[in-house]
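Heads up, the thing below is written out as structure tokens.
The values are calculated or read from the model by the stated rules, or taken from the named source; none is laboratory data. Note that the structure is predicted; figures quoted are calculated from it, not measured. Glycine also receives a Cβ, built like all others from the backbone with ideal geometry; neighbour counts cover every protein chain displayed. When the accessible area is computed, the model is the full protein with side chains, heavy atoms only, and any ligands, DNA or RNA have been set aside. Shrake-Rupley method; radii C 1.70, N 1.55, O 1.52, S 1.80 Å.
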Amino acid sequence: MRAGMKARWLSAGGAMSAILASLCCLGPVLLSAAGMAGIGAFSFFENYRPLLIAVTVFTLVVAFVLVYQKSKSTCPDGSCRIEPSGRRSRAAVWAATLVAAVSIAYPYLRGTAYDRVHSAARPSVKQMEIEVRGMTCVGCNANVESAAQSVDGVIRARADFRLNSVTVEFDPAEATVEQIVDRISATTVYRAFMPDSTSNKPR
């Protein structure tokens, strides 16, 4: 197999690994946008996120080496010349790198983008902090936020796995805290608690 073809396959694999690494965040958002349930199913991938990112980096590095190293080609008269891989192979590697970079960075960028899109304030907005147990990474934040935002009337949700909580802004005329807590617990692998309840106290 030629170096250029190998590089294309490696770069495609790297991009796929990056997408899988961020599927714990991308999956819930896509399902929520489509009005579908099953947000918690993607939390499986967050356990393997570091490994998948490492695979992505390794495969893309190897792909870059293959497309930018000069290879020898034998001529009919027995001589040989050194030539680099084709432009298409290099373009494919760069495209895969861009996809990988966006996918890996998505969990850290989505909150900012969401705030910009949903910045319009409503006259009767209520803010509530809800305890959520079981979150361990940025991917967990995305799962909890997507679950909360899937409730009609929720304007914004900002989760923080370090604080074991999610701060929700919602219209009390359309949504209740109970609905938000139930949705998080029912559609994710995490457990949400009603504020000020006895079960909400740290153990």
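The lone criterion from (1) crowded, with 19+ Cβ neighbours inside 10 Å; (2) at pLDDT 85 or above left unmet by Ala54 is number (1). Selection of first residues in the range 150-170 that are over 20 Å from Ala186 (Cβ atoms) and of second residues that are among the hydroxyl-bearing types (Ser, Thr, Tyr) and open to solvent by 40 Å² or more (accessible area, probe 1.4 Å), restricted to Cβ pairs under 6 Å at least 6 apart or on distinct chains, gives the following pairs, ordered by first then second residue: Arg158/Thr167.
Scanning the range 180-203 for residues that are modelled with pLDDT of 85 or more and surrounded by fewer than 16 Cβ atoms within 10 Å (Cβ to Cβ) yields Asp182, Ala186, Arg191, Pro195.
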